[in-house]
1. How high is the relative contact order of the chain, in percent, counting Cα pairs under 8 Å that sit 6 or more residues apart?
2. Going Cα to Cα from Lys118, which lysines come in below 18 Å? Please leave out same-chain ones fewer than 8 positions away.
3. What helices in the chain pass both tests, a Cα length along the helix axis of 30 Å or more and a mean Kyte hydropathy of 0.0 or higher, using whole DSSP H runs?
4. Taking the Cα centre as origin and putting +1 on Lys and Arg beta-carbons and -1 on Asp and Glu beta-carbons, what dipole magnitude results for the stretch 7-223, to the nearest 20 debye?
5. How many percent of the accessible area of the chain is carbon or sulfur, using a 1.4 Å probe?
6. Can you give the charge dipole size of the stretch 127-226 about its Cα centre, rounded to the nearest 20 debye, using +1 on the beta carbon of Lys and Arg and -1 on the beta carbon of Asp and Glu?
7. Can you list the lysines whose alpha carbon is less than 16 Å from that of Lys171, not counting same-chain residues fewer than 8 positions off?
8. Can you give me the Kirkwood hydrodynamic radius for the stretch 7-223, using every pair of distinct Cα atoms, in Å to one decimal?
Amino acid sequence: MKSKFSLLSKLLILQYLSVLCLSQDFDFFYFVQQWPGAYCDTKQSCCYPKSGKPTADFGIHGLWPNYKDGSWPSNCDPDSVFDKSQVSDLMSNMEKNWPSLSCPSSNGMRFWSHEWEKHGTCAESELDQHDYFETALKLKQKVNLLKALKDAGIEPDDGFYSLESISDAIKEGTGFAPGIECNRDSAHNSQLYQVYMCVDTSGSDLIECPLLPKSKCGSQIQFPKF
């Protein structure tokens, strides 16, 4: 009897902990966009989606729940898998603004599935699957990085611009300071790769970032053509 009671107690505790984990709140989102020219200009190269070469614009990488201490939840609900039928009305918008550049060439389903299962499931307390993808698409409309940079004379022309001028241009265009992530091309140039903006837990409004990812950019950054 005692062993059965002990086993039952353990099972109840595990169930409680799993529910607690699933419902655990997060502090903010990182909304991350990537520049395709920098993604493609690496050793791994890139493959265009089956729908064709994306437009020369920043594309969505993801909407990632984060904690203020720098950690983040991931893969919070293994039972919640990506279901394309739930986002069928968003599909053409996703193909345009959230394209996959990984190889082999794909229709984007693998990319979106990864983003939902790793990150989206950790925001289910706020956004269901349709809301999650729609929210990211709406943020893309709100955060027009290419316009902000071009308004400051920063063009994707393989030229080099200071990290400070890129950051200032985005802050001027969006109202908030970004996090900038760079990669290195085969010539070891520091290139503008990803831009992080912070968003409240509803996914509606940009906020000042509680913390930003550490930048590994040089003082001069190339903005590669695409």
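The values are calculated or read from the model by the stated rules, or taken from the named source; none is laboratory data. Please read all numbers here as calculations on a predicted model, not as lab measurements. Note that each Cβ is placed from the backbone with ideal geometry, even for glycine, and that neighbours are counted across all protein chains shown. To get the accessible areas, we keep the full protein, side chains included, count just its heavy atoms, and leave off ligands, DNA and RNA. Shrake-Rupley method; radii C 1.70, N 1.55, O 1.52, S 1.80 Å.
1. Contact order relative to length: 25 percent.
2. Correct list for Lys118: Lys84.
3. Taking the DSSP H segments of the chain (at least 30 Å long, mean hydropathy at least 0.0), we get 2-23.
4. The dipole of the stretch 7-223 has a size of about 600 debye.
5. Details: 6230 of 11890 Å².
Carbon with sulfur: 52 percent of the solvent-accessible area.
6. It comes to approximately 220 debye.
7. List returned: Lys140, Lys142, Lys147, Lys150.
8. Numbers: mean 1/r = 0.0546 Å⁻¹.
By the Kirkwood definition, the hydrodynamic radius is 18.3 Å.
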